[in-house]
Structure formats: C-alpha cells, structure tokens
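The values are calculated or read from the model by the stated rules, or taken from the named source; none is laboratory data. Computed from a prediction, not measured in an experiment: that's the story for all the values here. Neighbour counts are summed over all protein chains in view; Cβ atoms, including those assigned to glycine, are modelled from backbone coordinates with ideal geometry.
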Amino acid sequence: MRILSIDHGQKNLGLALSDETGMLARPLRILPHISKLIDAAQVAEIAVVEGVGLIIVGVSYDEAGDPNPAGRRAINFFEILRQQTNLPVALWDESMTTQDARAARIASGAPRKKRAGHLDDVAAAVLLQDYLDNHLPQPNEN
C-alpha cells in the first residue's frame, strides 16, 4: 500500500510518497498554500491519482507534548482533509523533520547554493520514513 505524507506549513505543503511495499519514502512535490479547503482538495486528488491507501499529516508539539501553533494548524488541516476524502487520514509527530531534512541535504554533499530553498517535500519524506520505520512488521522471535 502506498502512503502519502504531508508536511503542512504556512506557505507550502510538502508531499512525500512511499513505494508499494511501504518501506521507502521519497519526496513527491511542494504545493503552495492557497486555502485549507483548496489545499485539502488538491491533496485528496493527488492521493487518488497516486493510488494511495493512507494519508499521514505531520503535527508538531511543544516541550509539554501539546500541539504548538504550527501543530494546531496541521490538526485543523487534518480535520478538513478527512472531510475531503474517504481514505484513512492519520496524524504523526513531525518534530525535527525540517532539521533532519536539512541535515540529509548537507550529508548528501549538496553544494551550499543548492541547499537553499524549500525543504518541505524532503521534510515530508523524513516524516513518512519515520512513520514507515515505526510500522514495519517485526520479525518473529522464536
């Protein structure tokens, strides 16, 4: 089953997609934010086109474990998206995904000029890979 993840931001939505096996995540695209309703409709349409079986929305939390302002915006988007699609939609902790995406870009050897710009789709891929890694079937221990 393919899974779509969303890194919800104020200006853009980063999207990432898993492979059919649900083991690997890759950046898909960046959608500029228009409005929550239009953004949700676009994501729902992309999910259908890509043959997705599950959508994950990243939410960030503060030190106390409560959604921070960006997290609350992501939860609001999540609620609207759930109304726009029949697919299952879930929340997943996206803490540190942008920092991890930046570190991954640096580790890949990208020149400084190429590191600039939006990392939203890469952050969505980091988010999705974390979800996939935490949901991989565990080998049977005998």
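Counting only residues that are surrounded by 12 or more Cβ atoms within 10 Å (Cβ to Cβ) and of a type in the set (Lys, Arg), give me the strands (runs of 3 or more DSSP E) lying completely in region 1-50 with at least 1 of them.
Details: elements: 2-8, 12-18, 25-32.
Per the criteria, 2-8, 25-32.
Going residue by residue through region 59-72, is there one that turns out to be over 16 Å from LEU91 (Cβ atoms) and either basic (Lys, Arg) or assigned to a strand (DSSP E or B) (or both)?
There is no residue in region 59-72 that is over 16 Å from LEU91 (Cβ atoms) and either basic (Lys, Arg) or assigned to a strand (DSSP E or B) (or both).
Within region 73-89, restricting attention to residues that are in a loop (DSSP other than H, G, I, E, B) and of a type in the set (S, T, N, Q), which residue is surrounded by the most Cβ atoms within 10 Å (Cβ to Cβ)?
Among them, the one singled out is THR85.
Of all residues in region 17-32, which are of a type in the set (Ser, Thr, Tyr) and in contact with a Phe, Trp or Tyr (Cβ under 9 Å, 6 or more places away or on another chain)?
Passing the criteria: only SER18.
Could you look through region 20-66, keep only residues that are charged (D, E, K, R) and touching a Lys or Arg at 6+ places or on another chain (Cβ under 7 Å), and pick out the one that is nearest to GLN83 (Cα to Cα)?
The selected residue is GLU50.
Name the single residue that is surrounded by the fewest Cβ atoms within 10 Å (Cβ to Cβ) among those in region 51-67 being touching a residue at least 24 places away in the same chain (Cβ under 8 Å) and of a type outside the set (A, V, I, L, M, F, W, C).
Applying the filter and picking the extreme gives GLY51.
What pairs come up if the first residue lies in region 68-79 and is among the charged types (D, E, K, R), the second is surrounded by 13 or more Cβ atoms within 10 Å (Cβ to Cβ), and their beta carbons are under 8 Å apart, counting only those six or more places apart or on different chains?
From region 68-79, the pairs are ARG73/HIS8.
Residues in region 63-86: is at least one at pLDDT below 95 and under 12 Å from the mean Cα position of the chain (by Cα)?
No: region 63-86 contains no residue that is at pLDDT below 95 and under 12 Å from the mean Cα position of the chain (by Cα).
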